[in-house]
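Participant: The following block contains the structure, expressed as structure tokens.
Readers should treat all values here as calculations from the given coordinates under stated rules, not as data from a laboratory. No experiment lies behind these values; they were computed from the predicted model shown. Heads up, the Cβs are rebuilt from the backbone with ideal geometry, glycines too, and the neighbour counts pull from every protein chain shown.
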Amino acid sequence: MDHTQNSGRVLTVVVNDRESETRTPARPLLRIPRDARDPFAMCPPMPRLRPGEHDLTQTAPGRPRAAGEVIEITGRILDEDLRPVRRTLVEVWNANTFGRYSHVIDAGRNDAPLDPHFYGFGRLVTDDEGRYQVTTIKPGAYIARTDIGWWRPPHVHFSIVGSGVRLVTQMYFPDEPLNDKDYIYLIIPEDDRDRVVGHPSAARHGARGFLFDIVLRGRYQTPPDLD
Ligand SMILES: [Fe+2]
């Protein structure tokens, strides 16, 4: 059993889970002074998005729908002062309903089938209120480490560019039995775990809806020249 020190809190990590050691800070975190937390880099140029890139359930508009349950995730991207992060790039990816990524690395280690109608990657830009909306297929669970029997629960990956900050995170689903056995989920302090779980909400298109707000560290994550 490995115990890792994290900001004065002792976390119990798993036997032989070597990856946890690389994910967990070994020393207390340094607090950056508030006045030094404004963005220092300009946002990269916004890519030109094609219609339908926020809808992962079809490989292109008009194509057949992917297998599995259609879900709609909505929410707002906010900076640490809860200002909306406007017109920022959000990238989303998830495994298909069988728990398989359409990625070359997954081809060699995952026997679950591909879905020819599910690519599993989407993009969108937030609106003037920092809102986003993505439609996808609820992903299946997949085994991440056969040597320790680590199954990842269903989850959707997010990358948010912001301005000077890039956050990569995941949304978990409520009431999934595998959540409490997931070593990434378990390493989050118990009181904060609710922040990475989508909350059931109303959805359009007859899909099952989830609300998932995301807060970026840093201030003024919308570049001032866009305000
Ligand atoms: Fe994943």
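Participant: How big is the chain in terms of Cα radius of gyration and Dmax, in angstroms?
Facilitator: Taking only Cα atoms of the chain, I get Rg and Dmax of 18.5, 54 Å.
Participant: Something else now. Using only C-alpha positions, report the orientation-averaged shadow area of the convex hull of segment 98-171, nm², one decimal. Can you show the working numbers first?
Facilitator: Numbers: hull surface 25.8 nm².
Averaging across all directions leaves 6.4 nm² for the Cα convex hull.
Participant: Another question, then. Towards the positive end of the charge dipole of segment 22-105, with charges on Cβ (+1 Lys, Arg; -1 Asp, Glu), say which of 78, 99, 61 has the farthest Cα.
Facilitator: 99
Participant: Using just the C-alpha positions of segment 116-227 as equal point scatterers, what log10 of I(q)/I(0) does the Debye formula give at each q in 0.12, 0.23 1/Å?
Facilitator: Cα-only, vacuum Debye calculation for segment 116-227: -0.52, -1.46.
Participant: Let me ask you something else. By how many nm would the segment from residue 166 to residue 22 grow when fully extended, if each residue of separation counts as 0.36 nm and the alpha-carbon distance is taken off? The partial results should precede the final answer.
Facilitator: Values: separation 144, 0.36 × 144 = 51.84 nm, distance 1.94 nm.
Taking residue 166 through residue 22 to full extension adds about 49.9 nm, to one decimal.
Participant: Taking a label point 7 Å from the Cα of residue 69 along the Cα→Cβ vector, which residues of segment 199-213 have an amide N closer than 17 Å to it?
Facilitator: Within reach of a label on residue 69: 199-212.
Participant: Using the crude model of +1 on Lys and Arg Cβ and -1 on Asp and Glu Cβ, and no other charge, please compute the dipole size for segment 131-195 relative to its Cα centre, in debye to 20.
Facilitator: On the way: 8 positive and 9 negative charges, 80 e Å.
Dipole about the Cα centre, nearest 20: 380 debye.
Participant: Kindly give Rg over Rh for segment 134-195, based on alpha-carbon atoms, with the Kirkwood expression for the hydrodynamic radius. Show your work: numbers first, answer last.
Facilitator: Details: Rg = 13.1 Å, Rh = 13.1 Å.
In segment 134-195, Rg relative to Rh is 1.00.
Participant: Ranked highest first by average number of other Cβ atoms within 10 Å, how do 189-199, 165-175 line up? Please report the intermediate quantities before stating the final value.
Facilitator: Values: 189-199: 12.5, 165-175: 15.2.
Per-residue mean Cβ counts within 10 Å order the peptides as 165-175, 189-199.
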